[in-house]
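Each remark here refers to the structure printed beneath this line.
The values are calculated or read from the model by the stated rules, or taken from the named source; none is laboratory data. Quick caveat, the model's predicted, so the values are computed rather than measured. Cβ: placed from backbone, ideal geometry, glycine included. Neighbour counts: every protein chain shown.
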């Protein structure tokens, strides 16, 4: 656990059997911050909201964390091994009630630690250029801007790639 000034931050690694936790967090993230993700809430509700799909997501992506602040679900993050010495941070979100309380820092630190554990030499991520709070969080952890990345066809929003070299 990582100490917070008032409450403890707990990070829990999720597996396929934890699909309900991931579902709650992911749907909350897509509802609260729809502009922060390439997916939409509509992609993960209705016909897209099945136990098999949630389990498959947690199986296909090898590193998934839920963050808790006290007893409350406070955030989430995932990461994948890109196989070329890089790990990629994905799907990060911190609940509005937990922002500014160290949850985002704890999630980034956990991804970096996992990347080191698997032997990665760098961590990459993509972030929308109109998300300065996320960009600042990543810069605090040593990530640097690497330039724009292609976005979905027809999208007017720009994404930038950031990268952290591990030593």
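Observations
- Boolean, residue 54 is over 21 Å from residue 106 (Cα atoms), surrounded by 16 or more Cβ atoms within 10 Å (Cβ to Cβ) and in contact (Cβ under 8 Å) with a residue 12 or more places away in the chain: yes
- Among the residues of the range 34-76, those that are within 14 Å of residue 91 (Cα to Cα) and in contact with a strand residue (DSSP E or B) (Cβ under 6 Å, 6 or more places away or on another chain) comprise 58, 61, 63, 64, 65, 66, 67, 74, 75, 76.
- Residues that are touching a residue at least 40 places away in the same chain (Cβ under 8 Å) and in contact with a helix residue (DSSP H, G or I) (Cβ under 6 Å, 6 or more places away or on another chain), drawn from the range 108-130: 123
- Of the candidates 24, 55, 13, 20, the single residue that is within 13 Å of the chain's Cα centre (by Cα) and farther than 20 Å from residue 138 by Cβ is 13.
- Candidate set from the range 98-107 (those that are free of Cβ contacts under 8 Å to residues at least 40 places away in the same chain and touching a strand residue (DSSP E or B) at 6+ places or on another chain (Cβ under 7 Å)); member that is farthest from residue 7 (Cα to Cα): 104
- Selection count, the range 30-43, where residues are modelled with pLDDT under 90, more than 16 Å from residue 99 (Cβ to Cβ) and within 17 Å of the chain's Cα centre (by Cα): 5
- Output for the range 43-68, where each listed residue is within 16 Å of residue 24 (Cβ to Cβ) and part of a loop (DSSP other than H, G, I, E, B): 45, 49, 50
- If you go through the range 66-91 and pick out every residue that is over 12 Å from residue 124 (Cβ atoms), crowded, with 20+ Cβ neighbours inside 10 Å and either touching a helix residue (DSSP H, G or I) at 6+ places or on another chain (Cβ under 6 Å) or modelled with pLDDT under 95 (or both), you end up with 8.
- Residue tally, condition modelled with pLDDT of 90 or more and assigned to a loop (DSSP other than H, G, I, E, B), over the range 1-16: 2
- Those residues of the range 17-42 which are part of a helix (DSSP H, G or I), surrounded by 13 or more Cβ atoms within 10 Å (Cβ to Cβ) and without any contact (Cβ under 8 Å) to a residue 24 or more places away in the chain, in sequence order: 27, 30, 41
Residue by residue, here is whether (1) surrounded by fewer than 19 Cβ atoms within 10 Å (Cβ to Cβ); (2) under 24 Å from residue 15 (Cβ atoms) holds:
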site: 98; (1), (2): no, yes
site: 103; (1), (2): no, yes
site: 106; (1), (2): no, yes
site: 112; (1), (2): no, yes
site: 118; (1), (2): yes, yes
site: 122; (1), (2): yes, no
site: 130; (1), (2): yes, no
site: 138; (1), (2): no, no
site: 148; (1), (2): yes, no
